[in-house]
1. Which one of these is assigned to a loop (DSSP other than H, G, I, E, B) and of a type outside the set (Gly, Ala, Ser): Leu215, Leu191?
2. When the residues of the stretch 157-180 are narrowed to those that are surrounded by 13 or more Cβ atoms within 10 Å (Cβ to Cβ) and free of Cβ contacts under 8 Å to residues at least 40 places away in the same chain, which ends up farthest from Asp218 (Cα to Cα)?
3. Pick out the one residue from Asn9, Asn56 that is in contact (Cβ under 8 Å) with a residue 24 or more places away in the chain and of a type in the set (S, T, N, Q).
4. Just a yes or no: is a residue in the stretch 90-98 acidic (Asp, Glu), in contact with a strand residue (DSSP E or B) (Cβ under 9 Å, 6 or more places away or on another chain) and assigned by TED's automatic domain parsing to the domain that holds Asn37?
5. Would you mind listing the strands (runs of 3 or more DSSP E) fully within the stretch 95-156 where at least 3 residues are touching a residue at least 40 places away in the same chain (Cβ under 8 Å) and of a type in the set (Val, Ile, Thr)?
6. Right, Phe79: over 23 Å from Asp183 (Cβ atoms) and either within 20 Å of the chain's Cα centre (by Cα) or part of a strand (DSSP E or B) (or both) or not?
7. For the stretch 63-79, indicate whether the set of residues that are surrounded by fewer than 13 Cβ atoms within 10 Å (Cβ to Cβ), closer than 24 Å to Glu117 by Cβ, out of contact with any Leu (no Cβ under 9 Å at 6 or more places or on another chain) and modelled with pLDDT of 95 or more is non-empty.
Amino acid sequence: LEIMDSKLNIEALLGQNVTIPCVLTDKYQPEKDLDLNLVTDSVRWDMVSSNGNEDNVYLFTNGRHTPFRQNSIVEGTGFKRGNASITLYNVQQGDEGRYFCHVFVAGNKLIATRNVEVSAMPIVTLSYYEVTIAPGNEQSVTCYVHKFYPESVKIRWEKRSASSGSSALNRETCTSVPTETNDGTFNVTSLMSVKPSSVQEDGDQYFCIVSHRSLKNDYAESFTVKVKVKGN
């Protein structure tokens with residue numbers, strides 16, 4: 001027997017459920033249905049967290065389930081067929097780390113490892129979605145990026161104009177240092193200052209663009225500038 005292994009990280013979202021696979025197969029007959037003995041065969045799950053702590057996660061032996069990590073399960077019926085995968089419910093930051101699946105079958109020990117990354121997708125909002133301003137005046141708009149995990153995040157601003165196309169903005173922006181909240185997620189703000197020089201900038205759009213591990217693609221929120229001449 002062997003365990004199908006993979007070097008790919010398992011991505012889990014904070015508060016959701018994730019299954020960490022550990023599946024046995026007959027390497028000479030991969031399509032063969034296994035029939036393990038639920039009394040003599042067993043599985044143990046351990047993990048090393050991202051901060052280096054070692055913890056027991058789950059034990060299934062002699063037909064008995066012992067979940068050391070609350071809200072976790074190895075299905076006995078699945079294990080009988082060679083599926084020793086574990087499901088973690090309501091994933092939290094402390095579930096991030098390297099997991100070890102130890103399977104004991106007919107006196108043999110098989111081991112598989114998988115890395116689990118826990119992330120929380122940022123919530124992105126703007127203080128204004130439309131700014132009405134006269135030429136030469138200045139207005140600040142804040143981009144709020146909340147409830148993300150882990151801490152590392154990238155925020156950039158971009159201006160898109162019908163007349164001049166797209167351009168990156170650096171001098172006009174100021175981004176704070178992420179702060180940790182009570183639930184272990186992070187918040188950060190980024191400030192953008194708008195100062196149109198003429199009515200030709202009417203209709204220009206400004207984008208707050210967020211890059212984070214939890215996002216498959218960058219996420220953006222935008223506001224539009226309405227340039228009004230005084231007296232009109």
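The values are calculated or read from the model by the stated rules, or taken from the named source; none is laboratory data. Just so we're clear, the structure is a prediction, and the values are computed from it rather than from any experiment. Using ideal geometry, Cβ is built from the backbone for each residue, glycine included, and neighbour counts are taken over all protein chains shown.
1. On the way: Leu191 fails: assigned to a loop (DSSP other than H, G, I, E, B).
Only one candidate qualifies: Leu215.
2. Selected residue: Glu172.
3. On the way: Asn56 fails: in contact (Cβ under 8 Å) with a residue 24 or more places away in the chain.
Going through Asn9, Asn56 in turn, just one is in contact (Cβ under 8 Å) with a residue 24 or more places away in the chain and of a type in the set (S, T, N, Q): Asn9.
4. Yes - at least one qualifying residue is present in the stretch 90-98.
5. Qualifying strands (runs of 3 or more DSSP E): 108-119, 130-133, 139-148.
6. It is false that Phe79 is over 23 Å from Asp183 (Cβ atoms) and either within 20 Å of the chain's Cα centre (by Cα) or part of a strand (DSSP E or B) (or both).
7. Checked against the condition, which is being surrounded by fewer than 13 Cβ atoms within 10 Å (Cβ to Cβ), closer than 24 Å to Glu117 by Cβ, out of contact with any Leu (no Cβ under 9 Å at 6 or more places or on another chain) and modelled with pLDDT of 95 or more, the stretch 63-79 yields no hits at all.
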